[in-house]
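Notes for the one structure printed next.
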Amino acid sequence: MNPLNSVSAEDRLLLLCARVALEPAQEQAIHHLAGRDLDWDRVVTRAIRHGLPTLVHHQLRRPDLGVKMPAGAWRMLEEANRLGILLTTLQQIEGGRLLDAWRAAGIEAMPLKGLALRESIFPDPTLRLCGDLDFLVRPADVEQAEEILLHLGYRPDEGYAPRDWYRPERIHHLVPYHLPGRRVQVEVHWDLMPPNDGFPIPVEALWQRATAGQVAGRPVRLLAPEDLLIHLSLHATVHHRFDAGLRPLVDQAELLRFFAARLDWQKVIARAAGWKASRYLYLTLRLAHDLLDAPVPDGALEPMRPPAFDEEVVAFAQRRLLAARRPGDPEPVSENLARFLLGRREQGRLRTFWTSLFPSRERMAFLYDLPPGSPRLYACYLLRPFRLLGRYLPVLAGAILGNEQSSEKIECKKQELLLDRWLAPG
């Protein structure tokens, strides 16, 4: 079955534009799709949500493709492109300033992910937007690297967790740091993945295999392409659970095109197995090949294919990937409701039902934005069952009564939960 059969015309256009270079068949497909009655506002908003406005703008502005967008949609895309270029410029300036300051202190910092990719693989750095700047430093240099960040005016962003939560036994990087007044955020890593996720990545070997590169006009070392390919896969799956949209997949597809025959697939397969990352790499390469025509050689996937692999996992991942959800997006069906419906034993279902109605005091305080010791939590416990019934009973009742829309919402949430179980490390 063609994986694009269930994709809207707007998303097919987005997938065709989500690459640096187009082949003649792809140019013709874009020209054909652009001549249809598309929702162009949706095309642009989807490009922005997937983190690809500059790449989509790069393709759709080509005069030879003959794409005619409504003026309002084109203005929105041009503005997103302008802001993307501005952000890239700010990040390049700050990236250079950080590299200079760390080098002056004797600290070597290795750019990771987007910061490394956009100047080594993409012909124009603005075609690959970055949310933040990620650097890998050696564990012995972390404390001094953080002091330099503070000296340069950066401040910890404790919106997710307090600064002291970011400890080596729990996480693999410092608290994110931002520069007040500018949209620049920095993460300093000492490892590629959290320690409890169970990926035995030999960090010192990463440094030894690193290749020479350049970022912001400064000489740097970058992850070897085989290591970078696997890291991108783990970041898209285990870290983001495909919620980051198409951009991580575009990274993998462009990496494969750029290195082509130079990539050592035997090393990729062996290293992925050594990191216990084979199934994650298998899944992302399947998606990159199916959706973005990534040049994955024949025979490269089979050694990484998990035993008794369920093909539905690919479909579930594609659906979430294209949805590109954001934190805070409304969900018509809660995770607890999906867990309840997926429960195999009555005891497990009852436990899920009870913890959903009456979570821990800390969880309740988080849900209702109250201090854990607030007496108002008692009222929240009393009102919560009625609030949940009001929110989810119509969906559940609709599914029981055969309402197609309600049944589809519940089915989608169940699929997401099954995908999360497959993606969970261990």
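The values are calculated or read from the model by the stated rules, or taken from the named source; none is laboratory data. Just so you know, these numbers come straight off a predicted model, no measurement behind them. Using ideal geometry, Cβ is built from the backbone for each residue, glycine included, and neighbour counts are taken over all protein chains shown. Just the protein is used for accessible areas: all its heavy atoms, side chains included, with ligands, DNA and RNA removed. Shrake-Rupley method; radii C 1.70, N 1.55, O 1.52, S 1.80 Å.
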Review point. Got at least one residue in the stretch 142-153 being open to solvent by less than 40 Å² (accessible area, probe 1.4 Å), out of contact with any strand residue (DSSP E or B) (no Cβ under 8 Å at 6 or more places or on another chain) and over 21 Å from G96 (Cβ atoms)?
Key: no
Practice item. Identify, by number, the condition in (1) open to solvent by 60 Å² or more (accessible area, probe 1.4 Å); (2) assigned to a helix (DSSP H, G or I); (3) in contact (Cβ under 8 Å) with a residue 60 or more places away in the chain that I48 doesn't meet. Key: (3)
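Got a number for residues in the stretch 291-330 being in a loop (DSSP other than H, G, I, E, B) and either within 20 Å of L52 (Cβ to Cβ) or modelled with pLDDT of 90 or more (or both)?
So the answer is 20.
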Check your understanding: With L90, L4, L13 as the choices, which residue is under 27 Å from E311 (Cβ atoms) and open to solvent by 10 Å² or more (accessible area, probe 1.4 Å)?
Key -> L4
Point to revise | Residues (open to solvent by 10 Å² or more (accessible area, probe 1.4 Å), in a helix (DSSP H, G or I) and out of contact with any Ser or Thr (no Cβ under 8 Å at 6 or more places or on another chain)) located in the stretch 112-136 | key: K113, E119, S120
Review point. Do we have any residue at all in the stretch 216-223 that's touching an Asp or Glu at 6+ places or on another chain (Cβ under 8 Å), open to solvent by 50 Å² or more (accessible area, probe 1.4 Å) and outside any helix (DSSP H, G or I)?
Key: yes
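Quick one: which of A104, A109 is of a type in the set (G, A, S), touching a helix residue (DSSP H, G or I) at 6+ places or on another chain (Cβ under 8 Å) and either surrounded by fewer than 21 Cβ atoms within 10 Å (Cβ to Cβ) or under 30 Å from L255 (Cα atoms) (or both)?
Testing whether each residue is of a type in the set (G, A, S), touching a helix residue (DSSP H, G or I) at 6+ places or on another chain (Cβ under 8 Å) and either surrounded by fewer than 21 Cβ atoms within 10 Å (Cβ to Cβ) or under 30 Å from L255 (Cα atoms) (or both) leaves just A109.
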**Study point:** Residues of the stretch 166-224 classified as free of Cβ contacts under 8 Å to residues at least 12 places away in the same chain and either among the hydrophobic types (A, V, I, L, M, F, W, C) or closer than 21 Å to L129 by Cβ (or both), total
**Key:** 3
Study note, to complete from the structure: Matching residues in the stretch 65-91 (outside any helix (DSSP H, G or I) and β-branched (V, I, T)) number 1
Practice item. Could you tell me whether the stretch 153-164 includes any residue that is touching a helix residue (DSSP H, G or I) at 6+ places or on another chain (Cβ under 6 Å), modelled with pLDDT under 95 and in a loop (DSSP other than H, G, I, E, B)? Key: no
Review point. So H173 clears everything in (1) under 23 Å from S233 (Cβ atoms); (2) exposed (fewer than 13 other Cβ atoms within 10 Å of the Cβ) except one condition, right? Which one?
Key: (2)
Check your understanding: Taking only pairs six or more apart or across chains, which ones have beta-carbon atoms under 7 Å, a first residue in the stretch 275-287 that is under 16 Å from L321 (Cβ atoms), and a second residue that is surrounded by fewer than 22 Cβ atoms within 10 Å (Cβ to Cβ) and among the basic types (K, R)?
Key -> Y282/R305
**Study point:** Subset of the stretch 33-44 (residues that are open to solvent by 70 Å² or more (accessible area, probe 1.4 Å) and under 24 Å from the mean Cα position of the chain (by Cα))
**Key:** D41, R42
**Study point:** Condition check for A261: of a type in the set (G, A, S), in a helix (DSSP H, G or I) and open to solvent by less than 40 Å² (accessible area, probe 1.4 Å)
**Key:** no
